[in-house]
Amino acid sequence: MPGDPPAIDNFPFIVSSPESENIDGNKLNELDTKISAGFYSEIHSLLIIRNGSLVFEKYYKGYSREIPHNIFSVTKSITSLLIGSALYEGKIKSIDEKILASFSDQVPILNLDDRKMAITIKNLLTMTSGIKWTEFNDSYSNPTSDLFGLSLAEDWIKFMLDKPMAAVPGTVFNYNSGNTILLSGIIKNAVGKETAIYGAEKLFQPLNILSYEWQTGSKNLTNTGWGLVMRPIDMAIIGDLMLGKGLYKGKRIISEEWINQSTAKIITIDSGSEYAMGWWRLGSNWSNRFSDNDIYYASGFAGQYILIIPHLNMIIVSTAGNFTTQNRFFDAFRDYILPSIKNLN
């Protein structure tokens, strides 16, 4: 069932059949046919890991295991892990720290008021900074949008710090990629090196993730909002780290406390989704499908996902190119992946 045979030494997963992990391979074959026919829009990869075994690995539209893929806002979830690493090392004392303490060199700050002075690291992680921003309902290519303005700014940190406030921090969820860009500056100032370098040392190298690119913004600032390009198999390693509560092959990479804290529900968005600290969770309308709705995931523009199902010891990774088409990953998850699991509950 898996696609290409392992092409690297120290391959991170056992390659096995779906049936060996109590999954219906026929259902996955049906899904493979549907994806190949474009029924679920433009999926580029789908990987399923259960109990440490890679039971399904398929690539589409010319992609293969060795081709890295832009994972867009999945980058935010990985950035959350680096916040956890800096906390564990004592480089960041608390997520309740006020963010302006990290940017004392940014003087003057425009639109400064009590609300802006109250923004914490936690507010950035939970998308409740209160900074005035429109992203979800705006085109990423709209030249008048906040995100487009950020991408063109000469100084991304200053651009974000100068934005006016719209709400008291911690009171309103508003998805804002600029929040995570500010985390890049906070990590850099806390650890004394660029976030990409810190990420390589504390996360990617210990996980043997070597084939990736972390793009930069203004002044060589690591783009923690949407800048990572990775292979799907390496995204699955991130999923394995999460499933292991911060342990990977017996080695502690991220503290268990941070894994638990950063993936616990903070905000209910709607009946379909909740938000934690850089991670999403499935909402209440999925609860009737599981005895334990403990599913959380990283999500990126155009259909990039790392989905973790702890009570099933399962990881699902998908990349896609749904830039102008509907993202149908969760339809495929509902229609075929869930029904393929023989002991779902």
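The values are calculated or read from the model by the stated rules, or taken from the named source; none is laboratory data. This one's a predicted model, so the numbers in the text were calculated from it and none came from an experiment. Please note: Cβ atoms are built from the backbone with ideal geometry, for glycine as well, and neighbour counts cover all protein chains shown.
I'm trying to understand the selection: among the residues of the stretch 115-145, which are under 21 Å from the mean Cα position of the chain (by Cα) and modelled with pLDDT under 95?
T134, E135, F136, N137, D138, S139, Y140
What are the residues in the stretch 85-119 that are more than 18 Å from W279 (Cβ to Cβ), of a type outside the set (A, V, I, L, M) and part of a helix (DSSP H, G or I), if any?
S102, F103, D114, R115, K116
May I ask you to list the residues in the stretch 313-324 that are buried (at least 23 other Cβ atoms within 10 Å of the Cβ) and either of a type outside the set (S, T, Y) or free of Cβ contacts under 8 Å to residues at least 40 places away in the same chain (or both)?
Within the stretch 313-324, I315, I316, V317, A320 qualify.
Inside the stretch 267-289, can you point out the residues that are surrounded by fewer than 17 Cβ atoms within 10 Å (Cβ to Cβ) and hydrophobic (A, V, I, L, M, F, W, C)?
Hits for the stretch 267-289 are I267, I269.
Is there a residue being surrounded by 17 or more Cβ atoms within 10 Å (Cβ to Cβ) and either within 18 Å of S184 (Cα to Cα) or hydrophobic (A, V, I, L, M, F, W, C) (or both) anywhere in the stretch 104-115?
First, pick out the residues of the stretch 104-115 that are surrounded by 17 or more Cβ atoms within 10 Å (Cβ to Cβ): 115.
Then drop every residue that is not either within 18 Å of S184 (Cα to Cα) or hydrophobic (A, V, I, L, M, F, W, C) (or both), which leaves none.
No: zero hits.
Checking I337 against (1) touching a strand residue (DSSP E or B) at 6+ places or on another chain (Cβ under 7 Å); (2) under 24 Å from L54 (Cα atoms); (3) of a type in the set (V, I, T); (4) outside any helix (DSSP H, G or I): exactly one of these is not met. Which one?
Condition (4) is where I337 drops out.
I'd like the full set of residues that are touching a Pro at 6+ places or on another chain (Cβ under 8 Å) and surrounded by fewer than 22 Cβ atoms within 10 Å (Cβ to Cβ), limited to the stretch 17-56.
The answer is D24, G25, K27, L28.
Among the residues of the stretch 310-324, is any assigned to a strand (DSSP E or B), under 24 Å from S45 (Cα atoms), touching a strand residue (DSSP E or B) at 6+ places or on another chain (Cβ under 9 Å) and modelled with pLDDT under 95? Let's see the steps before the verdict.
Step one: of the stretch 310-324, the residues assigned to a strand (DSSP E or B) are 314-320.
Remaining after also requiring under 24 Å from S45 (Cα atoms): 314-320.
Now drop any that are not touching a strand residue (DSSP E or B) at 6+ places or on another chain (Cβ under 9 Å), which leaves 314-320.
Filter once more, keeping what is modelled with pLDDT under 95: none.
Checked the stretch 310-324: no residue is assigned to a strand (DSSP E or B), under 24 Å from S45 (Cα atoms), touching a strand residue (DSSP E or B) at 6+ places or on another chain (Cβ under 9 Å) and modelled with pLDDT under 95.
Got at least one residue in the stretch 75-84 being of a type in the set (G, A, S), in a loop (DSSP other than H, G, I, E, B), over 18 Å from W156 (Cα atoms) and modelled with pLDDT of 95 or more?
Taking every residue of the stretch 75-84 in turn, none turns out to be of a type in the set (G, A, S), in a loop (DSSP other than H, G, I, E, B), over 18 Å from W156 (Cα atoms) and modelled with pLDDT of 95 or more.
Here are the criteria: (1) outside the structural domain of S262 (by TED's automatic domain parsing); (2) among the basic types (K, R); (3) farther than 28 Å from E201 by Cα. Tell me which single one K93 does not satisfy.
Going through (1) outside the structural domain of S262 (by TED's automatic domain parsing); (2) among the basic types (K, R); (3) farther than 28 Å from E201 by Cα one by one, K93 breaks only (3).
Kindly list, by first and then second residue, each pair from a residue in the stretch 83-94 that is under 16 Å from L182 (Cβ atoms) to a residue that is in a loop (DSSP other than H, G, I, E, B) and modelled with pLDDT of 95 or more, limited to pairs with Cβ atoms under 6 Å and residues at least 6 apart or on different chains.
A86/I92
Wholly within the stretch 127-218, which helices (runs of 4 or more DSSP H) include no fewer than the required count, namely at least 3 residues that are more than 18 Å from A101 (Cβ to Cβ)?
Details: elements: 146-152, 156-161, 177-191, 195-199.
Once the helices (runs of 4 or more DSSP H) in the stretch 127-218 are filtered for at least 3 residues that are more than 18 Å from A101 (Cβ to Cβ), what remains is 146-152, 177-191, 195-199.
Consider only pairs whose beta carbons are under 6 Å apart and that are at least six residues apart or on different chains; among these, list those whose first residue lies in the stretch 283-299 and is assigned by TED's automatic domain parsing to the domain that holds F329 and whose second residue is among the acidic types (D, E) and not in a helix (DSSP H, G or I).
From residues that are assigned by TED's automatic domain parsing to the domain that holds F329, the pairs are G283/E274.
So which of A302, A264 ends up being out of contact with any Asp or Glu (no Cβ under 9 Å at 6 or more places or on another chain) and not assigned by TED's automatic domain parsing to the domain that holds N179?
A264
Of the residues that make up the stretch 233-254, is at least one in contact with a Gly (Cβ under 7 Å, 6 or more places away or on another chain), surrounded by fewer than 23 Cβ atoms within 10 Å (Cβ to Cβ), not aromatic (F, W, Y) and not assigned by TED's automatic domain parsing to the domain that holds Y88? Walk me through it before giving the result.
Just the residues of the stretch 233-254 that are in contact with a Gly (Cβ under 7 Å, 6 or more places away or on another chain), to begin with: 252-254.
Of the ones still in play, those that are also surrounded by fewer than 23 Cβ atoms within 10 Å (Cβ to Cβ) are 252-253.
Going one step further and asking which of them are not aromatic (F, W, Y), we end up with 252-253.
If we keep only those that are not assigned by TED's automatic domain parsing to the domain that holds Y88 too, we end up with 252-253.
Yes: one or more hits.
Based on this model, can you work out whether K61 counts as in a helix (DSSP H, G or I) and either in contact (Cβ under 8 Å) with a residue 60 or more places away in the chain or not assigned by TED's automatic domain parsing to the domain that holds S299 (or both)?
no
What number goes with the only condition from (1) more than 24 Å from G52 (Cα to Cα); (2) surrounded by 18 or more Cβ atoms within 10 Å (Cβ to Cβ); (3) not β-branched (V, I, T) that F301 does not pass?
It fails just one condition, (2).
Name the residue that is nearest to N322 (Cα to Cα), counting only residues in the stretch 61-85 that are surrounded by fewer than 21 Cβ atoms within 10 Å (Cβ to Cβ) and within 22 Å of the chain's Cα centre (by Cα). Give the derivation first.
Within the stretch 61-85, the subset surrounded by fewer than 21 Cβ atoms within 10 Å (Cβ to Cβ) is 61-68, 70.
Narrowing the set further to residues that are within 22 Å of the chain's Cα centre (by Cα) leaves 63-68, 70.
Working: Y63: 15, S64: 18, R65: 19, E66: 21, I67: 18, P68: 17, N70: 12 Å.
The residue in question is N70.
Would you please list the contacts, defined by Cβ atoms under 7 Å and residues six or more apart or on different chains, that run from a residue in the stretch 144-155 that is without any contact (Cβ under 8 Å) to a residue 24 or more places away in the chain to a residue that is of a type in the set (D, E) and part of a loop (DSSP other than H, G, I, E, B)?
Note: pairs meeting the criteria are S145/D138.
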